Each structure stands twice: as C-alpha cells, then as structure tokens.
1. Would you be able to tell me the number of residues in the range 200-254 that are surrounded by 15 or more Cβ atoms within 10 Å (Cβ to Cβ), over 32 Å from the mean Cα position of the chain (by Cα) and part of a loop (DSSP other than H, G, I, E, B)?
2. Which one of these is touching a helix residue (DSSP H, G or I) at 6+ places or on another chain (Cβ under 6 Å), in contact (Cβ under 8 Å) with a residue 60 or more places away in the chain, farther than 30 Å from residue 396 by Cβ and in a helix (DSSP H, G or I): 111, 68?
3. Within the range 380-393, can you find the residues that are surrounded by 15 or more Cβ atoms within 10 Å (Cβ to Cβ) and in contact with a helix residue (DSSP H, G or I) (Cβ under 8 Å, 6 or more places away or on another chain)?
4. Select, from 33, 48, the only residue that is loosely packed, with under 15 Cβ neighbours inside 10 Å and either in contact (Cβ under 8 Å) with a residue 24 or more places away in the chain or within 19 Å of residue 4 (Cα to Cα) (or both).
5. Please work out which one of (1) within 20 Å of the chain's Cα centre (by Cα); (2) free of Cβ contacts under 8 Å to residues at least 60 places away in the same chain is the condition residue 432 fails and give its number.
6. Considering only residues that are buried (at least 21 other Cβ atoms within 10 Å of the Cβ) and under 30 Å from residue 97 (Cβ atoms), which ones fall in the range 164-175?
7. Hey, among 117, 126, 109, which residue is under 24 Å from the mean Cα position of the chain (by Cα) and either modelled with pLDDT under 95 or at negative phi (or both)?
8. Which numbered condition in (1) touching a strand residue (DSSP E or B) at 6+ places or on another chain (Cβ under 6 Å); (2) not assigned by TED's automatic domain parsing to the domain that holds residue 432 is the only one that residue 88 fails?
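The values are calculated or read from the model by the stated rules, or taken from the named source; none is laboratory data. Everything quoted here is computed from the prediction, not taken from an experiment. Here the Cβ is made from the backbone with ideal geometry for all residues, glycine too, and neighbour counts use every protein chain on show.
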C-alpha cells in the first residue's frame, strides 16, 4: 500500500471512535454491543474497498458515522414491518396477501401462547391428527368427500402429483403451462413431482381429441390449471371440466385441477365474473376428482394449501412420506379453522379480503372526502404554497392472480405537492416514513386508494405526511 493510500485510510474513523458515539448505547439494548461491532466492521471494510478501487472517493468521518447509525438503526428494527396499503390491490402479494379476520388473529394468538390439541384427542386421550381440525369444515364448505391442508398451494400440487403420477404421465394443455409470480412455473413443478408432462393442443386452442390422442397406458392424471393472472382472448378454445371428467373416468384416470385461488363463495355480486373462475364446490361438482387451492388469496385466510376431493385419493395423499415436510403448523391451522368457521356461519363479510372486494364505490366516498378534508387541514399548518387534493375515481384490483380481467370501481384521494418533488419522490418519502404508507400514483399525483385502508390507516397517512412536512404530532392530530 503506497503512502498516499495509507494517509487516506487513516482518515477513516476507528472502531473505538464510532462505538463511543452517544447514540450507540440506545441500540446496544436492542441488538447487543457485539452485533453493533460486527455491523461497523463490515461497513468500514466496504469503505476501505471503495478507497482501494478509487483513492479519490470522497468521504468524511461524519458521513461514515451517519452511515453506521442508519445501518444499525435498520438492523435494530424488525424487518417484517406493518405498512399502510393504499394501492387499491386487495390481495397484494408483496404486502402479505390477505389480512386475517379478528377471529383468526385471536385463534392464532391463543394457539401460540398455550399448549393445544394439535395432535391430541381429548375424547380418546390418544394421539390425533392435525388435519382433523379443518377437514370437516372444508368438506362442509366445498362438498368434497375429504380434504387435506398443507403449507401452500404449490406444496399441494407437488404432493398430489408425487403421490398420484410419479414416474407416470400427466396430460396438460399448452395454454395452461403458466408461470405465476415468484417463478412458480407449472412445468418445473410437474418435473419436481416426478411426473412426466405431456403437452397437448396449442397455446390458444386445445380440443378434447387432443387429450384423447395423448392418453397411453402410462397416463395417470389429466391436469387442468387455472391461468391465474394470465388470460387468452380472441381465437381461443378450451375443454370444459365436464368433458375432461367424462374422458378421465372413462379411461380410469384422475382429473385434477389447480384452481390457484380458493374461492368458496360466488363473487359475481361484487362485479367479478368469469367462466374460468368457479368456486371450489363448482369445480368438484363438474367432475374434478381433486382440486388444489390457496387459503390466503380469495378465501382470505392464512398461507395454506388445500387438496379437496375424493376420499380414496385424499387417503392416499395422507399416507405419503412427503406430507410431513409440507404439514401446517399450529398457528396457521388455528387461523385457518377460525376463518372457515366464519364461512360456515355465513359471516364471510367478517373476512377482510371478502369485505374489501364487496365494498361499493358509493360506500368509499364518505371516507375519501373525510381524508381529503384532513389533508387540507394539515397542509394549512404548513408553508406549502402549491398543493392539489381531490377525490377521484379509480379502478382497484383483486390481486393475487385472481380475476385479472375484472376491476373494481373505487375512489381515491389524489395528492400533488410540487414543492416536495414529483409523485415518485413523494411516494418514496411516504414509503420511508415511520408509518410506511404504500400509495398508488397517476398523472404525477400520489393516490390513496380507499378500498384497502383499514382501521387507523387514515390517521397513519396524516402522521406520515406530517412527518415529511416536519409538523408536530399535536398539530397533526388536530387535522
């Protein structure tokens, strides 16, 4: 190392100097002194690497100290942080998908805080099955002969194909070889399960004869897959469930459908329609032998996957060795059971996902006007010269790959503050505020979609904007 480089390196603050800063003690209580030392060590190492690559890199001790403080502050806070979803996307995958009903949260908390009957029969005083807590509910709600819960829908598909078609053939339309967020690709899932994928038809048109011609003695399953957030319009043809069921059963095969979203009730009254979006019960009634679906999408429960259908098939899946690796934990089961019981009682509107989807635009308007008034009152306390606040119509989305062609009529509060930058800059500052407000944007304005605001989210939006504008909490609460 040459003399100049050594001199530059000496300007980097030492570990002891950084550890002596007054704010360090506060974070020691949260993550410990050794963790702080480790974080600072890494930060200083990265600074040295930058200097070695470019000795002219500008830096100073104060900047490095501030970088250390920000890094330690970030690592001291939980990374799984609550946010305000003002995007209008109900089942927002990146923001945790469905919110749980109060009953589900209470059940989850109770299961986490005490011993339970997870795998214990009070009547017999012997070992029980964790699946029993939800199976009878799923049977009642879907009309299935039996049902099995696993940790997500991908797991449900893998388990079913592994148990029913490993080293055998599964026939699927090319139009259903979809990729669903997070690189969940049907061909790769089928390969992982050990089944041999047989593609039939074309991307846009598949006929019953295509399936008939592809069936061999090695075939075990006809697989139908819901396209989720992908759709084909125009010159398109697909085989109905009833036709596939008749063909499968005439050849001694199993008809399996991956529905993706677990819709238990008819969503048409919310303005959502589509012949390819049946309830689980309708899919089974159409002749599907087993159906797989998610619990944390349209159903509105926790992350879980379900396989429902014929008892003899489900019994075979229950004995498969893979099931232990895919089983559901006690907290998820408790929340899922509580959610299903709401459906059983006809109280599905208590499920936040269902309630938000069924909200009408006219029901959202009063809250939008109220929020607009609060924002205007807050901005009057500032020196901001230019602002624009309006209640505007918007198109909301179900999300989660459900009903990609259907939108929900909604309304939002549009906010423009040119003095704080464009809409992208304002959205970033809202996102990075202590309330973590995730908003929409259009026409260089930030949009607060009312459909997905819950509880005290309006107050959190006010607090976030007050924080950005450096307004005290008391003044903000008066807005």
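1. 4
2. Numbers: 68 fails: in contact (Cβ under 8 Å) with a residue 60 or more places away in the chain.
Just a single option satisfies the conditions, and that option is 111.
3. 381, 387, 389, 391
4. Numbers: 33 fails: either in contact (Cβ under 8 Å) with a residue 24 or more places away in the chain or within 19 Å of residue 4 (Cα to Cα) (or both).
Just a single option satisfies the conditions, and that option is 48.
5. Of everything listed in (1) within 20 Å of the chain's Cα centre (by Cα); (2) free of Cβ contacts under 8 Å to residues at least 60 places away in the same chain, residue 432 misses just condition (1).
6. Going through the range 164-175, the residues buried (at least 21 other Cβ atoms within 10 Å of the Cβ) turn out to be 164-165, 170-173, 175.
164, 165, 170, 172, 173, 175 - these are the residues of the range 164-175 that are buried (at least 21 other Cβ atoms within 10 Å of the Cβ) and under 30 Å from residue 97 (Cβ atoms).
7. On inspection, the qualifying residue turns out to be 109.
8. It fails just one condition, (2).
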